[in-house]
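Notes follow the structure.
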Amino acid sequence: MNHPAQDTAPAAANDELDIYRRQGMGQSVGFGKTPALVIVDFVVAFADPAHFGGGNIAAAIAQTARLLAHAREQGWPIAHTRVVYADDASDANAFTSKVPGLLKLTEQSPLSQIMPELQPMPGELIVRKRQASAFFGTELAGWLHWRGADTLVVSGCTTSGCVRATVIDSVAHNFRTILPVDATGDRAIGPHDANLFDMGQKYADLSSVDALIQR
């Protein structure tokens, strides 16, 4: 005997996707002439499930290492972000009221250091931020424009949080935005998948690291 929920679930999913298609979403922005890479918050705390990690973040870090090597070979502008708060928490804000553990991420804390396999090289920008987006209250947009970037490849974590916020602000700054799905991670797969789908429909072209490298 068939269960009604099983019979209707695929049809419902197809109906939802059809809504996006009929409304003209999911178009491709493609690459411009000068891609850049921003790696969002791949620091020790987000690689450790005891702090802010879990899910598929470890796998996304491994794929980002491949993407970073490719970006360096191609001479792309590269930026890395860290969440950094003052030692005395004097810059606590509404974000840390919601997630107080973020205040552990101070300049010298081991938790706030970029993962060893993604260590920045000279000439790569390190962005210190206190909010979700890599753009909010930082020099990132000006630096990217100064470097002549017109396309931004965004990897990092979490897909549903700081990556999403960065992608939305990337579009607001008029960058063509590319999201390598296997180089982004989240502590839970449900939010990861849902946000990839939504960003792919409205803000970014979805790709894989292999496809970016082959391109």
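Here are the numbers for this structure:
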{"quantity": "Qualifying positions in the stretch 49-64 - assigned to a helix (DSSP H, G or I) and of a type in the set (S, T, N, Q)", "calculated": "Gln63, Thr64"}
{"quantity": "Given (1) under 21 Å from Arg66 (Cα atoms); (2) modelled with pLDDT of 95 or more, index of the condition Gly161 fails", "calculated": "(1)"}
{"quantity": "Selected residue (criterion: farthest from the chain's Cα centre (by Cα)) from residues of the stretch 147-196 that are open to solvent by less than 40 Å² (accessible area, probe 1.4 Å) and among the hydroxyl-bearing types (Ser, Thr, Tyr)", "calculated": "Thr151"}
{"quantity": "Test for Ala92: is it over 25 Å from Leu144 (Cβ atoms) and either at pLDDT 95 or above or among the aromatic types (Phe, Trp, Tyr) (or both)", "calculated": "yes"}
{"quantity": "Unmet requirement for Gly123, which otherwise passes all of (1) on the phi < 0 side of the Ramachandran plot; (2) open to solvent by 50 Å² or more (accessible area, probe 1.4 Å)", "calculated": "(1)"}
{"quantity": "Only listed residue being in contact (Cβ under 8 Å) with a residue 40 or more places away in the chain and acidic (Asp, Glu), chosen from Glu117, Glu139", "calculated": "Glu117"}
{"quantity": "Cβ-Cβ under 8 Å pairs, at least 6 apart or on other chains, the stretch 50-65 side in contact (Cβ under 8 Å) with a residue 60 or more places away in the chain and farther than 13 Å from Met115 by Cα, far side outside any helix (DSSP H, G or I) and aliphatic (A, V, I, L, M)", "calculated": "Gly54/Ala188; Gly55/Ala188"}
{"quantity": "Residue tally, condition surrounded by fewer than 19 Cβ atoms within 10 Å (Cβ to Cβ) and at positive phi, over the stretch 55-103", "calculated": "2"}
{"quantity": "Close pairs (9 angstrom Cβ cut-off, 6 or more residues apart or separate chains): under 11 Å from Ile178 (Cα atoms) in the stretch 191-210, aromatic (Phe, Trp, Tyr) and open to solvent by less than 60 Å² (accessible area, probe 1.4 Å) anywhere", "calculated": "Asp205/Phe31"}
{"quantity": "Some residue of the stretch 26-38 being hydroxyl-bearing (Ser, Thr, Tyr), in a helix (DSSP H, G or I) and either modelled with pLDDT of 95 or more or open to solvent by 20 Å² or more (accessible area, probe 1.4 Å) (or both)", "calculated": "no"}
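The values are calculated or read from the model by the stated rules, or taken from the named source; none is laboratory data. Quantities reported herein were computed from a predicted structural model and do not represent experimental measurements. Note that each Cβ is placed from the backbone with ideal geometry, even for glycine, and that neighbours are counted across all protein chains shown. Ligands, DNA and RNA are stripped out before the accessible areas are found, and what is left, the full protein with its side chains, is counted by its heavy atoms. Shrake-Rupley method; radii C 1.70, N 1.55, O 1.52, S 1.80 Å.
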